Amino acid sequence: MSMRGNRFTVFALCVCFAFLWFSCNRGHIAGYETGADTLVTEDSLQSDTIALFEEEDDKGLSLEEHTLEVFGDFFFAFTHNNRFQAERIKFPLPVTDMDGTERTIRSGKQFRSEFQMPENDYYTLLLSEAAQASVLQNDSLLEDVAVQFVDLTQFSVDSYNFHRKDGHWYLLSRVVSAPQGTAGDFFRFYERFVSDSLYQQECLARQLRVAMPETDEEEVDDEIVGTIDSDQWPAFRPEMPEGRFVNIDFGHSLTDAHRLVLLQCGFSNSMMDFFTFRRAGDRWTMTAYEH
């Protein structure tokens, strides 16, 4: 299965997170102005989430009538509705900070004061194979998902850990730690890769595989596939994840310690970029890019 074929498998989630992106920013402002833990009129599901739910009665949309099995649907509601959010957090919420200090969050208002989405317009997935992205398409069997705020400059991951029980998703814990395992090794390399242009040039395959649409038209499925010399990469290089951004861990493991695909998805559009890296010894090399 080609990387381009996955564009359609994750499109629905991109749309869902597009709603999420705008709702998060608007919801924070409205919530702080009222200082309340309950639903505010300007941020109501009835006015803002009709596109997400198909059923509506005379009393408006009711979350209790929807199973919200797919995590993307749940997370949109979680970030958009203060009352629903408070119902789906197991208070007191245990928090482990970077230095190992343990504390608790005891209210929705306190939670929202710390839950700040990054300002950029994308999220990422770390995959062993591009085909793993298909897990995003209406997967109602997932039980554990972590929404991770990655900070490359601080080399930290602020992980909000969700679990589904009896058909309902709940936030059970929050852990701030340094990235671990293959992901940690990759992020240590990647921070320098995106911040040091000379180092980036050194870490490109001599013949870099590229694939991109032949035109900018969404409905055109033709693509240009070929290789470029590494010194041509600056002319093709898109915006790449850097600084602080959201990474979604759907519970799949990175089974290949020597190959990793970084998938970048747009919050407010269907943009997807696949960056493939391979490791030989302690050195990572970028071998392919697909838009």
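The numbers here are math on the coordinates, done by the rules we state, and not lab data. For clarity, every value in this text was computed on a predicted model and none was experimentally measured. When we count neighbours, we look across all protein chains shown, and the Cβ atoms used for this are built from the backbone with ideal geometry, even at glycine.
Residues that are within 30 Å of Arg88 (Cβ to Cβ) and crowded, with 16+ Cβ neighbours inside 10 Å do occur in segment 180-197. Within segment 129-161, the residues that satisfy the criterion of being among the hydrophobic types (A, V, I, L, M, F, W, C) and closer than 16 Å to Arg112 by Cα are Val147, Phe149. Is one or more of the residues making up segment 166-184 β-branched (Val, Ile, Thr), within 15 Å of the chain's Cα centre (by Cα) and under 17 Å from Phe250 (Cβ atoms)? Within segment 166-184, none of the residues are β-branched (Val, Ile, Thr), within 15 Å of the chain's Cα centre (by Cα) and under 17 Å from Phe250 (Cβ atoms). For segment 231-255, the tally of residues that are surrounded by fewer than 18 Cβ atoms within 10 Å (Cβ to Cβ), touching a residue at least 60 places away in the same chain (Cβ under 8 Å) and among the aromatic types (Phe, Trp, Tyr) stands at 1. Restricting segment 256-290 to residues that are more than 23 Å from Tyr199 (Cα to Cα) and not charged (D, E, K, R), the residue that is surrounded by the most Cβ atoms within 10 Å (Cβ to Cβ) is Cys265.
Taking the listed residues Tyr160, Tyr190, the one that is hydroxyl-bearing (Ser, Thr, Tyr) and not in a strand (DSSP E or B) is Tyr190, with no other qualifying.
The number of residues in segment 193-203 being of a type in the set (Asp, Glu) and in a helix (DSSP H, G or I) comes to 1.
Taking segment 74-145 and the strands (runs of 3 or more DSSP E) fully enclosed by it, the elements with 2 or more residues that are free of Cβ contacts under 8 Å to residues at least 12 places away in the same chain and loosely packed, with under 14 Cβ neighbours inside 10 Å are at 102-105.
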